[in-house]
Structures are given as C-alpha cells and as structure tokens.
Amino acid sequence: MMYMKKAVTAGAVVAMSAAVGIFAAAMGERRDVSSKSSESSVTTNENGSVSRVFTESTVTTNGNMVTERRRETRTSTDADGNILATATSEYAQSYPVGDEDLGSLSVPPVSGESSKECGGKDEEGFLGLKFGDEFVGAEFVNDAGEPTLLRATFTPKKALAGFDDYYVYVTPKTHKVVKVYACAKEAVDPGSNWRRHYLIEALEKRYSTWARPRSWCRPIYSFDIGCGRYVTACLAGATRDYETVLVAWDDALLTLAADETEEIRREARKAAAEKRRARVSDAAEAF
C-alpha cells in the first residue's frame with residue numbers, strides 16, 4: 001500500500017512537470033509575456049513638505065515586438081498633508097525582439113558617478129568641450145543673464161542636426177569651460193510619434209542616466225550625469241529666440257566663476273581707491 005502511494009505521488013509529479021513544460025513551450029511559441037515592476041521614494045524637505053515619487057515599469061513581448069512603458073508620478077505635500085503639486089509623465093518605446101541597440105526602460109542604467117571615477121572620459125564635457133579646460137581663441141562678451149561668466153560662440157566638431165547656434169560660458173579670469181549651450185531656432189523634429197524624443201534617448205545613452213521631467217506644462221528634462229554635472233533639455237518654447245535648447249554645466253566651476261568675479265571686483269575697488277588717493281595727493285600738492 002505504501003508502495004502504491006509513492007507510485008501515485010511520483011506519477012502526479014511527472015504529470016505536473018509535463019503540464020508545466022507544455023505550458024512553457026506554448027508561452028515560448030507565442031512570446032506574449034508581460035512583466036511589471038515598481039519603485040517609490042519619499043523625501044522630507046527642510047520646510048516640512050514631502051516629495052513622493054512612484055515609478056511603474058511594464059515590459060510586454062507580443063510576437064516579435066517588445067514594448068516598454070515607464071510611468072512616473074511626482075507628488076508634493078505640505079507639512080499638514082495638503083497636496084501642493086502633482087505631475088505624471090510617461091515614456092514608451094517599442095523595438096524588435098533581440099534589438100540590443102535600444103536601452104531598456106525597465107532596468108535603470110548605471111549612473112556615471114557610480115560606474116566611473118569623476119572626470120572620466122564620458123563625464124568630462126559636452127559637445128566636445130571638456131569642463132574645466134581653458135577655452136582660447138575667441139572673443140568673449142558679457143551676458144546679463146550670467147553675471148559671473150563670459151560668453152563666446154563656437155563650432156563643435158560634430159554638429160547636432162537641426163541646431164543653429166552654440167555657446168560656451170567660461171570663468172571670467174581663467175576662461176575655464178563652465179557651461180555649454182546648443183540652440184535651435186525651430187523645434188527639433190522628434191521623428192516619431194510613438195517613441196520618446198530621440199534627443200532624450202541619445203542623452204540617456206551618452207551619459208547612462210535617466211531623464212527627469214522638470215515641468216508639467218513644457219517638455220523640459222534634466223539629467224544628473226555625475227560629479228556635480230548636469231544637462232537640461234527644453235524641447236519646445238525654450239526662449240524668445242530659440243525653440244529647443246540643450247545646456248550642460250558643472251556646479252563646482254560655477255562656484256569658481258563666482259569666486260573669480262568677486263576677486264575681480266576686489267581688485268577693481270582697490271585700483272579705484274588707489275587712483276583716488278593719487279588724485280587727492282596731486283590736488284593737495286597743487287594747492
């Protein structure tokens with residue numbers, strides 16, 4: 001009797017395994033599979049307000065096509081729990097099975113800061129200019145919008161399609177590269193209605209980091225590329241003169257520029273005081 005029970009149990013296990021195998025084979029043939037994942041984060045600010053971010057990712061394989069969707073919801077509440085602002089953004093992309101050229105939305109890329117040392121090749125600059133390098137051979141002008149920096153135009157080694165003007169902002173004394181702009185007078189064509197803008201995907205691929213939406217009413221995204229360096233992309237309605245603007249900068253160099261500006265002002269005040277003393281002395285001698 002005991003032997004019969006064992007035999008029946010073993011037979012049931014074999015039958016179940018066969019059923020699972022047939023189901024898996026059928027699923028493999030159809031390749032119609034969907035998986036979901038989610039993550040959330042909560043940040044409490046100094047004023048007591050709370051910022052919450054909830055991200056849902058879905059990957060669906062249907063036939064020979066893979067569709068990835070990523071939905072991000074951001075909510076801000078005050079210290080009493082009242083909602084101050086909420087915004088939702090969605091990304092989607094589709095590609096054939098086995099296409100390895102497209103980055104996955106469901107698996108976040110490794111950030112530049114954790115994967116490479118600060119100052120590594122991929123994080124050194126933007127459009128061929130390296131942050132911190134001296135920019136020479138150009139005529140600098142003052143910019144009312146950037147009082148601690150000087151501006152010059154430049155031509156990148158490889159221009160971006162659809163962009164018209166390129167600007168570099170440098171520290172006022174040592175002329176080190178701090179900010180780099182690429183500007184297009186007309187909105188750059190995304191080229192497809194069912195994928196994210198190709199510039200966003202290109203920046204994610206270049207710097208191995210996610211794009212973060214920064215406005216609920218305009219297509220503005222930011223990228224933390226590591227080591228205190230950032231990129232912002234405004235795809236439409238950027239300024240009065242340009243529709244699409246990309247800008248990259250280094251926070252530490254912005255601080256250096258402010259220090260150099262203050263040093264220049266101190267030197268100017270000192271020179272003015274010495275000039276006044278000399279004029280007073282000359283006038284006293286004349287009397």
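Laboratory data are not the source of any read-out in this text; all were calculated from the coordinates shown. Worth saying up front: this structure is predicted, and the values here are computed from it rather than measured.
Before moving on, here are some points about what is shown:
- Considering every alpha-carbon pair of region 114-262, the percent of pairs per 5 Å bin, from zero through the bin containing the longest distance, is 2, 9, 18, 22, 21, 16, 9, 3, 1, 0.
- In this structure, the residue pairs whose Cα-Cα separation is over 19 Å, taken from Lys179/Lys205; Lys157/Lys179; Lys176/Lys275, are Lys179/Lys205; Lys176/Lys275.
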